Structures are given as C-alpha cells and as structure tokens.
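A quick write-up on the structure given underneath.
Please treat every number below as a calculation from the coordinates, not as lab data. As the structure is a prediction and not an experimental result, all values here were calculated from the model. Using ideal geometry, Cβ is built from the backbone for each residue, glycine included, and neighbour counts are taken over all protein chains shown.
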Amino acid sequence: MSILSFIRNKHNFVFKLIVVFIFSLVITFFLPKKAVNYHELTEFEAIWTYPDLILEEDLLISKTKKEIDDEKSELITQAPIYFQENKNELTLKLQEFEKLKTENNSSYRIIKPILDSIYKIGIIESVEPNDLTKPLLLYDGVYAKQLVYNNYFTIQSAIEYASDKINSVDDKTLFLNYLSIIYYKNNTLTQHFLDEKLNSVSLYKFVYRKGTCLIKQNEKLTKNTKFLINRYINQQSKTSPNTLIKFTSQLVLVIFILIILMGYLYYFRKPIFGNNQQIIFLLIIPVICVLALAFITKYGLLIYSFPFMLIPILVRVFFDGRTALFTLLISVLMCCFFISDKFQFVLLQLLTGISTLFVVAEMRKRQQLINAAVISLIIYSVLFILYNLGFGNVELILLKSSYLPFLISTVLILLAYPLILLCEKLFGFISDFKLLELCDLSQPLLRQLSQDVPGTFQHSLQVANLAEEAIYYIGGNTLLVRTGALYHDIGKINNPHFFTENVGNSYSPHLEMQPLESAKIIINHVIDGIEMAKKHNLPESIIDFIRTHHGTTSVGYFLQLYQKQNNTLVVDETEFKYKGPIPFSKETAVLMLADGVEAASRSLNHYDAVSISELVDNIIDYKIKQNQLINADVTFKDITTIKKIFKKRLLNIYHARIAYPSSN
C-alpha cells in the first residue's frame, strides 16, 4: 500500500497525528532551554529558598548610556592638569638682564632683588578659574608630584608684586622685559592622560566572576540581590544554546506525553477520540498552560498564581471526571519543566485538582464555583504548610506573601463561568448550565409541546424520569439524558393526532390511510424534530437524542398491517424503517430503551408485576436483537440494572402490586 493510499484510508487517524505534532511543536518552542533550578524573583519574595546560587558564568551588569556619559563627564571635570619646568626662556632673559648692570646700574639694583624673590618661588602659567578645582601635577620627566597653584607667581601676580616695590615707570617697563614663566602647562600629557581615563571607563557597573556565590540558601533577599539574581537568570536564558539535539529530544518527549493522552481517549473514551473538535479542545489546554507559564516566568510573575484548577472544572463540565483528571495530569507534567521544585508543584496541583473535582462532580450551580475556589485555597495552603514543614523551608510558612499566589489562583477560578460560555460558543459543547437552561419548562419548544401536544409532553416527562434514574445507576450524564428525553419527540408537534398518546380512545386518522403512508408520517416525526431543533438552535448533543431514539428499527404495526393487506410475508422493510443512526452512547441508548418501554406500557390491559416485567424484558431484548445497542458503551450488567429500574419505576407509576402467594 502506498503512502497516499494509507493517508486516504486513514485520513482521520493521520489528521490526529498531525494535530499532535503541531501542538507538540508549539509546546516545545516555549519550553525552557535548560533545566530550571530557580525562578526569577518577584517583589513579594523575602527569602532565597533554593540552594546556594553559584555562578556558572560571569555576571556582567552593564551601565546605561547616561551612566557612562555621566562618568566620563566626571572624569573630564576631575582630570589633572600637568605642568613641566622649562627654564630656556628664563636663562635667555637673565643673560639680557645682566647686561643691564653696565647699561643702567641704578635700575639693575632696583629690579635685581625683586626678580630674585620672584624666581626663587617660580612663575607658573595661569589657568582658568574653573580648572583650579582639578588636581595640578608637576611632571619632571619621570614622576609627577602635586603642586599648589597659589604657592607660585603668575605673570599677573608677579607684576602686582613688583608694582608695589618699583616707583619708576621706566623701571616697571624694564622689569616686564625680564619676566619669564618657568612652569608651563603640558597640554599633550594632560590630554593623553584624559584619553586613557576615558578609554578605560568600564561598560559594566558590576562584574561577578564564574564560581562566585551570589547568595546562600535561606538568606534574606535585598533589592540589590533580587536585581542581580534576576539579571543572572535572564542572562542564562539568553545564552543557553538551543541545539538541534536538545530541541528534538524535547519534541519527542512532548509528543510522547500527548500520545499518552490520545491513548487514554482511544481505549477509554472512544466517543471523544472519534470527535476531532473535542480532541483539539483537550490538546489546547496543555498548550495554553505552557504558553501561560512561559509568559509568567519571562516577566517574573508568581508561578503558582496560574489557575490550574480551571482545567478539571472546564473539562468536567463538558466531559467526565476521569478525563478531567487525566487532562490536568498531562498539563501539569508539561508545566513541570518551568518549575524548580517539581515534586511540590505536582503534589499541590494534582491533589488540589482532585479535591476540586469532588466539588464539581455535578456542576449545576454557580455556587459550586465559589465552593471550588474556597476548597482550592484551603487545600493549597494546607499542602504547602505540610510540605514545607516536612521537606522544605519552615520560614516560608510564616510569610504572608507565600500564600498570595494561591489566593490569586483561587480567585481566578471564578473565571470558569465565562470560559464555559466561551467554549460553548467556540466548540459547540454543552455544559450542565446550558442543560439546566434547556430543561426549564418555560423554554419555547417545551412550552409549545406541553400546550399543543400534552400527551406527548407527559410521555416525554415519564421517559425523562425513567432514563435519568437508569443513567444514575449505570453511570453517565443524568442531566444530559433528561434534557434529551424532554426534546426527543418535539417532531410530533407538526402532526400530533397521528400518535396514540395524543388520541386516546378517540378517532384515529390512520384508519383512513394506507399503512405505508401512515408509516411515513410516524417516521417523519424524527426528521421534523431534527429540523425544528436546528431552527431553535438546540445543541447537537440534544439533537442526537432525536436522531437516535428509534435507531433503525421498523414501524412494526404498520409493517404487519401492510403484509396482511397485501397477503405477503416478503416486504421491502426500507420504507418502514427509521433512518437512524443507532445510539452511540450510554445516554442515547438508555433513552431509546426508556422511550420504547414507556410507550409500550400504555398499551397494557392489566398492570401487575408480571405483565410489566414481561413488557420490559421483551422491549429491551427486542432492541438488542435488532442490534440497536452495538455502538453504545452498554454492558450486560448495565442492561440488567436498567431492566430492574424500569420495572420498579413502572410499578410505582401504575401503582401495581406484586402478587404474593396466599397462605392456606
């Protein structure tokens, strides 16, 4: 067989594999790239509960551009100014000054002591007032030493000094000719030093080398340590390589986990496995959980604040408790990869989820959501305390912030109701809330049924009571089967007088009709019911009860009448058979049996335990003989239970008594 032929023959199976693969790819893409040993910290955490954090790589805390610019500005402001001694000009001027001794001895004698005093101290090149705050260094070619600017003369201060001592204007002019700066600014050296400092400005505020212990277990967290830890965690998440081998391994692991879920559905929930829409819904749940955990861990939010308890509530509303628990287990396993203490996470989520399932076993009141939230908060807190007393950090128990994620999670459980409505719209599911709404006798169809076809309405009520009690004992959705029973015969609204429960002892229109024509009218009440249900937007799960409540059985009375009128035993029964399909679930199977038993019981001439027992046995055995239950998940044990319940209920309805043997 070629691959194309296999795909063509197994297209539904292949579609499921493709869906599993696509969802697995999405999940794997968002999984952590390495083992999670600790989480990003929030402002509510006060203690480092994880083992000592030893850096596996250098932690470099970069400066911002503003911080770097500010640091460079500070260096420019505080950069030293270098001076260097240069007496070349001074030597030349002193030589010229010595010539003055022979040319103008009187002036020489006046100027000489003043110059000696000035040059003994030294003349320094003047600097701007703003530069006086900078360090001033005198460089001798090898070393630089600090100098005090005010301890030296400048050209200006030297002139002022001499002006008080020299009275003659000519002498003052001569004096100016022999002034020379000794200590000059070395701009090249100053700029070179500044450039080195600017180039050496580090881009990092803090540098912690590999192997450094950043924080010890149970150490109190400060704002600074939280910042460093979170920066290190983000750095690791970015630098962790996502190799092809690692990605492939994670993908195969995720596929295996989802295949386990599919295997559960295949072996234990075949109706769900056969419905691709329901499979997609169940697979979307772990995907959403993984995406949520990826978002939470990325932005450092409280991990335990994610409301995992919504999973058992949502799944239980539309399916059953075992499927809800299995879906929760798969989702929790997927999310374990984001958690450091995986055992604590699984313990808290699974046990709390199981407890929540007990509360919502029959989801029929909004109050149950509040009860589930309260129970979840209590279970979360108790398990958290017990775990940390026995295996964890006792100090965490005393911190109020430790319970904040649980409180947030349980409050978010209240989102279940709008989510239920959303899922009903998106996937066409039907919840117990919707079923309760449909069961309300003020619903337009039921109200019309009770007013226009009271006999059929009473029949539907009795069928609902029989089917509901039977499903209660053999296991199934009691509210679903009751709702389906109330609507299963709405097609009779179009031709009410053609059905015996609405005619009673009055004249029957079938007496003037051919058997085949009568059979078509009877059979068409199923088709009319389906059309009417769709017109009133009834859910498909309710319409299924209308489709299957007669299965593919025959309208026996008119078939036999046709054979009698035509004097033949061989008849094409196709025209006398309902179109089906046959029941495919416990609920639809029980409704078929209840409908047949209740309708047949109205024809009994005498009601006692024997006649009712024979009636129930005959009707149910006939349905089994006609292979009407082969697609329904009903066992022989279930059939025995159903028979007992129907007999008991009919005895109560008709007030029949068991005939006890008389005593002699």
What is the packing order of peptides 120-129, 274-283, 428-437, taking the mean over residues of other C-beta atoms within 10 Å and listing the highest first?
428-437, 274-283, 120-129
Mind ranking 174-183, 606-615 by how tightly packed they are, going by the mean number of other C-beta atoms within 10 angstrom, highest first?
174-183, 606-615
Let me check I've understood the local charge: for Thr49, count other residues with C-beta under 13 angstrom from its C-beta, Lys and Arg +1, Asp and Glu -1. What total comes out?
-3
Unit-weight point scatterers at every alpha-carbon of the chain, Debye formula, q = 0.07, 0.10 1/Å: log10 I(q)/I(0) is -0.70, -1.03
Value in Å of the Kirkwood radius, where the range 465-565 supplies the Cα pairs that are averaged:
15.1 Å
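Under the 0.36 nm per residue contour assumption, what length would be gained going from the current alpha-carbon distance of Val19 and Leu436 to full extension?
Result for the pair: 146.8 nm of gain on full extension.
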Per principal axis, descending, Cα span of the range 12-145 in whole Å:
124, 38, 28
With Val127 itself left out, Lys, Arg at +1 and Asp, Glu at -1 over residues whose Cβ is under 11 Å from its Cβ give -1
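Distances longer than 19 Å among the Cα atoms of the range 393-543: what percent of all pairs is that?
65 percent
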Per residue Cα convex hull volume in Å³ - calculated over the range 358-478:
143 Å³
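So how strong a dipole does the chain carry about its Cα centre when Lys and Arg Cβ are +1 and Asp and Glu Cβ are -1, to the nearest 20 debye? List each step's numbers first, then the result.
Values: 65 positive and 60 negative charges, 228 e Å.
Dipole of the chain, to the nearest 20 debye: 1100 debye.
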Assign unit charges at the C-beta atoms only (+1 for Lys and Arg, -1 for Asp and Glu), then state the dipole size of the range 442-653 relative to its Cα centre in Debye, rounded to the nearest 20.
280 debye
Taking the Cα centre of the range 605-652 as the origin and placing charges on Cβ (Lys, Arg +1; Asp, Glu -1), which of Ile639, Asn652, His606 is farthest toward the positive end of the dipole?
Asn652
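In percent, what relative contact order does the range 69-199 have, based on Cα pairs under 8 Å that are 6 or more apart in sequence?
45 percent
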Packing-wise, with mean Cβ within 10 Å as the measure, how do 80-88, 349-357 rank, highest first?
349-357, 80-88
If one takes the longest principal axis of the Cα atoms in the chain, at what angle in degrees, from 0 to 90 and to the nearest 10, does the Cα axis of helix 342-359 lie?
40 degrees
Restraint check, Lys623/Lys648; Lys226/Lys400; Lys586/Lys637; Lys16/Lys298, Cα-Cα greater than 22 Å:
Lys16/Lys298
Using alpha carbon centroids, what distance separates the range 513-558 and the range 269-327, in Å?
38 Å
Mind checking Rg over Rh on the range 175-272, alpha carbons, Kirkwood formula for Rh?
1.49
Based on the alpha-carbon gyration tensor of the range 442-653 and its eigenvalue square roots a ≥ b ≥ c, which shape applies: rounded if a/c is under 1.5, prolate if not and a/b is larger than b/c, or oblate?
rounded
What is the pair-distance distribution P(r) of the range 69-199, computed from all Cα-Cα distances in 5 Å bins starting at 0, with each bin given as a whole percent?
2, 9, 18, 18, 15, 11, 9, 7, 5, 3, 2, 1, 0
Net +/- balance of residues flanking Ser200 in space, Cβ distance below 12 Å, scoring K and R +1, D and E -1
-1
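On a 32 Å Cα-Cα criterion, which of the cross-link pairs Lys577/Lys643; Lys246/Lys342; Lys270/Lys643; Lys365/Lys579; Lys210/Lys342; Lys93/Lys145 come out too long?
The answer is Lys365/Lys579.
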